[in-house]
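Trainee: Below is the structure I would like to discuss, written out as structure tokens.
The values are calculated or read from the model by the stated rules, or taken from the named source; none is laboratory data. Since we're looking at a predicted model, the values are computed, not measured. All Cβ positions, glycine included, derive from the backbone under ideal geometry; neighbour counts span all protein chains shown. Protein only, heavy atoms only, side chains kept; ligands, DNA and RNA dropped before computing areas. Shrake-Rupley method; radii C 1.70, N 1.55, O 1.52, S 1.80 Å.
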Amino acid sequence: MMFLNTLHDELTGRGSGTQAERHERYNWLEQLRCTNPQADEKGPMAGIPSYHWFRLPQALQVAGQASDLVAGTMNAQYLVFEGHHAAAFAAELGLQYDANNRIDRPGGIDELLDAYEEQADGSWSTLPNETPAPPLAGWDDVYFRVRDLSDGKAIQSVTTIAYESSRFPGYTLLGTTLVGAGAIAHDDETAEYLQQVFADWAIQRECAATCPASSPPWPHTPRQIPPAPFDFARNLAYLDALLAAYGCAQAQAQVDGGDEAYWACAAASTAYQLFSLRYTAGLPLLDVETALEAAICACETARAALAAAYDDDALPAFDFEQLTDYARTLQLLGAALLFGRHDLAARLAALQTAFDGEDGVYEALLSSIDPQRPAVDEWYFAEPYSALFECLDADDPAQQMEHLRQYLTSWHGSLVREDWFNGHLRAHGLAGYYGLWAFEAAAVARHLGLERSALAHWLMPPSP
């Protein structure tokens, strides 16, 4: 009974015991290892990732649900429940929704990618698409809580998650990463950063609590529709609340000497999400354009905070050596060009002078409004951006169309490792989805005079 109680505490994130107690419980659990025919290929539990299965002598109960089946992976163990209970477990245990794809899923999310195949070299190839290609049909919901176990000597945490997925429909996993895995030597800078992440999650949780679900039907026609039911009004309210909270956190950091740049960058990311979601939700283009200008303004604020933090006035807002930053820069630049806001494009370029003359795709886009930009024949990321460069470099309209089609086809799969990748699979929660748009592709089509209706694709912005 003692082992069951402590196992229950660990799997629900309520406690973990000492290292000696955990080792003793592990030895006891090993004696309960079993085979699970339901996990065989084509069985109902085949999609549940597990290296070992354990059958407990007595069922454990959480939020009125009982299970005696445990799935063990290399670094975690999870109770397996029949039915959909993740939201109920979250309410019982105080978990929050993982909107930003920051929490490791058991076994990853590879099997959710119905439209893509992973190659031996780790790259992704796109399966044949219809035109326009529908969004992926999978879904992936994680609720989580992180307990900080750092002790001044080592930095360590344990994550409790409740997980449902289209990989194993009809089941819910509830468990934790194994305590004792992933500890690193204490470092003040890393410890401070983690504390900011934990504070950030707390802000997100508080903002979510202030945004109840909306009942009236959404009055606008969305420009992109996620596969799952989506509450546009609630998500917009949440992002508005989050942006305001980050502004308060940044102001407080100025007072108490905290990391102002962290919160300014978080606000800039949220401002882009607000712009993208307003566009996605079908709001009038004037409202969307206002949000775009606010997003550029937030980037300017973030850059100023970064420059102050690192005492470097030449520091860019986005680091082109990081794919996340590079992709977001092109999205923002594409959006500014698409809306005909050359002033916003110039303001964005002013934030990136450290990379002037270094990237051919970026320079080719800017040359559409500034012919004095240098011609560069190399760029930071081959996939998917080579196709976009070839489109801008080609003279024949037919070749331009073919390159742009190739770009749209490869865009989503090439960005598989990004935090916001497959946001539409997390459409049950707040801020996981704000629209997936290759704004730069539409800007290129507009600049080259290509017929956008012939480039119909779910990533291609339909307007303006």
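Trainee: Tell me, which residue of segment 140-163 that is hydrophobic (A, V, I, L, M, F, W, C) and surrounded by 16 or more Cβ atoms within 10 Å (Cβ to Cβ) is farthest from residue 189 (Cα to Cα)?
Mentor: Within segment 140-163, the subset hydrophobic (A, V, I, L, M, F, W, C) is 142, 144, 146, 149, 154-155, 158, 161-162.
So of that shortlist, the ones also surrounded by 16 or more Cβ atoms within 10 Å (Cβ to Cβ) come out as 142, 144, 146, 155, 158, 161-162.
Values: 142: 28, 144: 24, 146: 19, 155: 11, 158: 20, 161: 27, 162: 30 Å.
Checking each candidate, the answer is 162.
Trainee: Out of all the residues in segment 4-51, which are aromatic (Phe, Trp, Tyr) and not in a helix (DSSP H, G or I)? Please lay out each step first, then the result.
Mentor: At the first step, the residues of segment 4-51 found to be aromatic (Phe, Trp, Tyr) are 26, 28, 51.
Across segment 4-51, the qualifying residue is only 51.
Trainee: Quick one: in segment 202-224, which of the residues that are touching a helix residue (DSSP H, G or I) at 6+ places or on another chain (Cβ under 9 Å) and among the hydrophobic types (A, V, I, L, M, F, W, C) is surrounded by the most Cβ atoms within 10 Å (Cβ to Cβ)?
Mentor: So the residue we want is 207.
Trainee: Only residues that are open to solvent by 20 Å² or more (accessible area, probe 1.4 Å) and under 15 Å from residue 430 (Cβ atoms): list them for segment 97-109, please.
Mentor: Listed by number, the residues that qualify are 97, 100, 101, 102.
Trainee: Next question. If I ask for residues that are in a strand (DSSP E or B) and under 25 Å from residue 266 (Cα atoms), which ones from segment 73-110 would you list?
Mentor: Those that are in a strand (DSSP E or B) and under 25 Å from residue 266 (Cα atoms): 96, 97.
To keep it simple, each residue is scored yes or no on (1) open to solvent by less than 50 Å² (accessible area, probe 1.4 Å); (2) under 15 Å from residue 326 (Cβ atoms); (3) touching a Lys or Arg at 6+ places or on another chain (Cβ under 6 Å); (4) modelled with pLDDT of 95 or more.
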site: 355; (1), (2), (3), (4): yes, yes, no, yes
site: 363; (1), (2), (3), (4): yes, yes, yes, yes
site: 381; (1), (2), (3), (4): yes, yes, no, no
site: 408; (1), (2), (3), (4): yes, no, no, no
site: 422; (1), (2), (3), (4): yes, no, no, no
site: 430; (1), (2), (3), (4): yes, no, no, no
site: 437; (1), (2), (3), (4): yes, no, no, no
site: 442; (1), (2), (3), (4): yes, no, no, yes
site: 457; (1), (2), (3), (4): yes, no, no, no
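One line per residue, one yes/no per condition, for (1) among the charged types (D, E, K, R); (2) closer than 21 Å to residue 442 by Cα; (3) in a helix (DSSP H, G or I):
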{"position": "321", "(1), (2), (3)": "yes, no, no"}
{"position": "324", "(1), (2), (3)": "no, yes, yes"}
{"position": "347", "(1), (2), (3)": "yes, yes, yes"}
{"position": "378", "(1), (2), (3)": "yes, no, no"}
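Trainee: From the list 317, 266, 336, 298, exactly one residue is buried (at least 19 other Cβ atoms within 10 Å of the Cβ), modelled with pLDDT of 95 or more and in contact with a Phe, Trp or Tyr (Cβ under 7 Å, 6 or more places away or on another chain). Which is it? If you could, list the steps in order and put the result at the bottom.
Mentor: On the way: 317 fails: in contact with a Phe, Trp or Tyr (Cβ under 7 Å, 6 or more places away or on another chain); 336 fails: in contact with a Phe, Trp or Tyr (Cβ under 7 Å, 6 or more places away or on another chain); 298 fails: in contact with a Phe, Trp or Tyr (Cβ under 7 Å, 6 or more places away or on another chain).
After ruling out the rest, the residue left standing is 266.
Trainee: Here is a follow-up. Within segment 165-172, does at least one residue satisfy the condition of being open to solvent by 50 Å² or more (accessible area, probe 1.4 Å) and at pLDDT below 85?
Mentor: Keep residues of segment 165-172 that are open to solvent by 50 Å² or more (accessible area, probe 1.4 Å), which gives 169.
Those still in the list that are at pLDDT below 85 too: none.
Checking segment 165-172: not a single residue is open to solvent by 50 Å² or more (accessible area, probe 1.4 Å) and at pLDDT below 85.
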